[in-house]
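Data block below; observations after.
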Amino acid sequence: MRKEKGLLIVLSGPSGVGKGTVRKAIFSDPNVDFEYSISMTTRQPREGEVDGVDYFFKTREQFEQLIKEGKLLEYAEYLGNYYGTPLDYVKETLEAGKDIFLEIEVQGAKQVREKIPDGLFIFLAPPSLSELYNRIVNRGTEDDERIRGRMEKARKEIEMMDLYDYVVENDEVEKACERIKAIVIAEHCRRERVQHHYKKMLEVE
Ligand code: 5GP
C-alpha cells in the first residue's frame, strides 16, 4: 500500500511575535513527531547559534546559486538578508510520510501557500502592537532604526492573516504551543484528508 504523505505545517506571523521561541518550545517536547525544516540564511550567526542546527549559514553568492538551481521551496529577503527553505528535505520528508514544520516570515509563507495549497498554515498573532514593540525592544539585538523598520513591517504583516487557516495568539508560549499541537492533531482528522481510506475500505468489503 502506498504510504500516506506527511503534512506540511507552516508557522508564520509578524516580525517579533515570537515564532522562534514558540517553535523551540514545540520541539523541546519529546512527544512531538514532526520534523523541523532548518532554513538557510545569509545573516551572521548570533551568539550561541550553530550551523546546521539553527540555520545553514551561507554567503550571498552561495544563496543566489541555490536560487538559480531551484533548490529552495521559497525564499525572501528580510532586513537585508536572504532566508529560504531547502526544497529537497521538505519533499523527502513529506514523501516519507512524516510531517514537516516550517517557521518562516510571511512573504515566504505566501509562496509556500501558492505551491502547496493543502498545507496547514498557522498565523501566530501578537496580543497587541504595544506588546510586539516591547518584545522587539527587550530582545536588545536591534538599533532604533531597525526597530522602526520591524514595527512598520509588522503592521503590514498582520494584514496578511487572510492567507492562513488558523490564528494562534501568542499570549503565553506554552499556551500557544498547546494550541498549535492541537491544530495539527485536528488537521490529521480532517475529513478531506482521511475519507479516501474509508472509501477504499468499503470497496474491499
Ligand atoms: P531571525 O534573523 O530573527 O532568525 O529571523 C528573521 C525572520 O526570518 C523570522 O521572521 C523568521 O521566521 C524568518 N525565517 C527564518 N527562516 C526562514 C526561511 O527559511 N524563509 C523565510 N521566508 N523566512 C525565514
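Rounded to the nearest whole Å³, what is the per residue volume of the convex hull around the Cα atoms of region 1-119? Could you put the intermediate results ahead of the total?
Values: hull volume 13.8 nm³, N = 119.
Spelled out: Cα convex hull of region 1-119, divided by residues, is 116 Å³.
Using the Kirkwood formula on the Cα atoms of the chain, what hydrodynamic radius do you get, in angstrom to one decimal?
So the Kirkwood estimate lands at 18.2 Å.
For Leu66, neighbours were defined as the other residues whose beta-carbon sits under 13 Å from its Cβ, and their charges (Lys and Arg +1, Asp and Glu -1) total -1.
Kirkwood Rh over alpha-carbon pairs of region 101-205, then Stokes-Einstein at 4 °C and 1.567 mPa s: what D in µm² s⁻¹, rounded to an integer? If you can, show how the numbers build up before the last one.
On the way: Rh = 16.3 Å.
Estimated diffusion coefficient is 80 µm²/s.
Which value in deg cm²/dmol, rounded to the nearest 500, describes the helix-derived mean residue ellipticity at 222 nm for the chain, given -39,500 (n - 2.57) per DSSP H run of n ≥ 4 and division by the residue count? Mind dumping the intermediate values first?
Details: 8 runs with 93 residues, N = 205.
Value at 222 nm, helices only: -14000 deg cm²/dmol.
The fraction of Cα-Cα pairs per 5 angstrom bin, counted from 0 for region 77-130, comes to 4, 14, 25, 24, 16, 10, 4, 2, 0 percent, rounded to whole percents.
Of interest is the spacing of the C-alpha centroids, which for region 104-153 and region 1-59 amounts to 15 Å.
Can you give the % of DSSP beta bridges in region 64-205 that are antiparallel, to the nearest 5?
Numbers: 6 of 10 bridges.
Around 60 percent of the beta bridges assigned by DSSP in region 64-205 are antiparallel ones.
Values in this text are rule-based calculations from the coordinates and carry no lab data. Note that the structure is predicted; figures quoted are calculated from it, not measured. Reconstructed Cβ throughout: ideal geometry from the backbone, glycine too, with neighbour counts over all protein chains shown.
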